[in-house]
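Take a look at the structure below.
Every number here is computed from the coordinates shown, using simple stated rules; none is lab data. Just so we're clear, the structure is a prediction, and the values are computed from it rather than from any experiment. No Cβ is skipped: glycine too gets one built from the backbone with ideal geometry, and neighbour counts run over all protein chains shown.
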C-alpha cells in the first residue's frame, strides 16, 4: 500500500520575469514528521513554501493535500486546508495583546469578543508546553514570545501542517532547546512540520528527513539518521566545502580602542549598557555574546559614534572620543567600519544600485557638486569580483540580491574604506553555510592585516571557533571576558542568563596602555 502524505508538491515551477525561482520541484511531507528544507540563499526555499501557504501561486505543477489535488490561491485557502506558515519576520500588531492578535483573524468574530478567549488560548499553549500570557501586549514581548504567539496563532486556526521559516535565527541556546521540545510534542500529536533553516546542527538534531534545493532545483530527500553535516553541505553547494573555521594566530598589538566604565541608555530611556569595560586590540576578534536585547545594538552604535553615551570614556591613543561624530572619529586616526544588524535599513539603501551604495561611504569627499560614478562603479566591480557577489551588474538595486550577496556588498564596501576597527553585528544571520564561511574568511583576512574586530554573534559554536575572546553581556552588565578555546557552550549560556559571573576574574590592564584606568580584562590564560 502506497504511503499517504500530508503534502505532495509535484513539478512545481515558479518564475519572476526571467528568473526561475523553482524549476519542477518535487516535495513530499509525511504525516507526523519534521522535514527540514535546506538550501543556499536564493535556492528557492521560501518561494516554494510561499506557494504552499497561498502567498504565491505556481506557474506549473500540482499540490496535493491528503492525496487530493487542491488549488491554494490565498492564505485563506491554505488556512482552510490546515496549512499555516510562521514567517521569519513576524506579522503581528504591536499594540494588540497576544489574544487579540489571534482573534482579529477569526471569521465572523463580531464586535464582542468572548470573555473566555484568554482561557482558550492559555489551554492551547499549555497543551504543547508553550509559555504565553494571552493578555500581554506584543510590544512588551521578547522575540521568543512573539514566535510562540505566531505558532499558537496557526495552531488555533486548526493547522495540521506548519511551516517555520528560520525559527531559531534570534533565539538563545536555551530558547532553541525549549522550541525543539515543543515541536517534538507537536509531531507526537500528529502535526507535520517543515522547518527552513541554515543551521545544520539543528537539522541533524530535530528533523526526520531533509529535502535539499540547489539553485531552484530539487536535489533529493535523505533520512536524517543516514547523513551528516559534510554530506548535506555538498548536496546544497554541489561541491566539497571545508567546514573548519580558521582562527589564525596573529601577533598581538596594543589596543586600538579602550572602553572605560561605559553606560548607555536605549531608545526608551532604560540602561542598555551598565558600566562596561573592555578593549579592542589589533589583530584580534573579540566576540560579544548575550541574549537578544541585552545591549548589543546600543553598544555597537555608541562605538560607531551613532548613539549618545551617558557615562564613561572611549580612549584612543590617550584621547577620549566620546561625543565625536563619525567623521571627527576618523580625523582622530580611527578608521572605523560599522556593519549593522539591519543591512537594508541602516547599512545599505535598498533601492539604490551597488555602485551608488559604494558612493554613500565617501560622497562627501567629492570635489564640486558631482560625484564620480566611475570610481563608484570600479569599487563595486572590485567588491563583486573579490567577494564573489552574484549579480547581473554593478547597477542592480541591492534589494534584488539574496541575503548573502547583500551582506557581501555591505562588508566589501566597509572593508574597501581601509578600517583599523570593524564593528559588526550578526554578520551571518540568515545566510547559508557557503555565504557564512565566506564572511568568516573575510573577517579573518582583516584580522591578519592587524584590524581589531568586535563581532556580535548568536551562534555560540561559531563564536567559540572564530573569536579569540568572548565578552558576555546580561541585561547590559558584563559577566566576564573569556578565552574562546577555554570555555564551554554551557558556561557561556549560564553567563548569558546571569547564573555565572566571571567579571571579577579580570583585573589586569593591557601592558603599557592607559595606566590610569581600573581595567577588568586580562591577557592571561584564565580558565572560566
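Annotations for the structure displayed:
- Taking label points 7 Å from Cα along the Cα-to-Cβ direction, residue 96 and residue 228 give a separation of 4.8 nm.
- With a Förster radius of 45 Å applied to the beta-carbon distance between residue 342 and residue 24, the computed FRET efficiency rounds to 0.80.
- Computed from the C-alpha gyration tensor, the three semi-axes of the ellipsoid equivalent to the chain are 41, 28, 23 Å, from longest to shortest.
- All-pairs alpha carbon distance profile, region 347-418, 5 Å steps from 0, percent: 3, 19, 33, 26, 12, 5, 2, 0
- Rg/Rh (Cα only; Kirkwood hydrodynamic radius) as it applies to region 350-472: 0.99
- For the chain, the 222 nm mean residue ellipticity estimated from helices alone, with every DSSP H stretch of n ≥ 4 adding -39500 (n - 2.57) and the total spread over all residues, rounds to -8500 deg cm²/dmol.
- Three principal axis lengths of region 195-260 [C-alpha, angstrom, descending]: 52, 26, 23
- Distance (nanometres) between label positions extended 7 Å along Cα→Cβ at residue 120 and residue 241: 4.4
- Residues 226, 461, 133, arranged from fewest to most other Cβ atoms within 10 angstrom of their Cβ, appear as 226, 461, 133.
- Dividing the radius of gyration of the alpha carbons in region 205-357 by their Kirkwood radius gives 1.10 for Rg/Rh.
- Computed log10 I(q)/I(0) for region 5-237 at 0.07, 0.11, 0.17 Å⁻¹: -0.22, -0.56, -1.28, from the Debye equation with unit scatterers placed on every C-alpha and solvent omitted.
- Net length gained if the chain between residue 10 and residue 488 were fully extended (0.36 nm per residue, minus Cα distance): 167.6 nm
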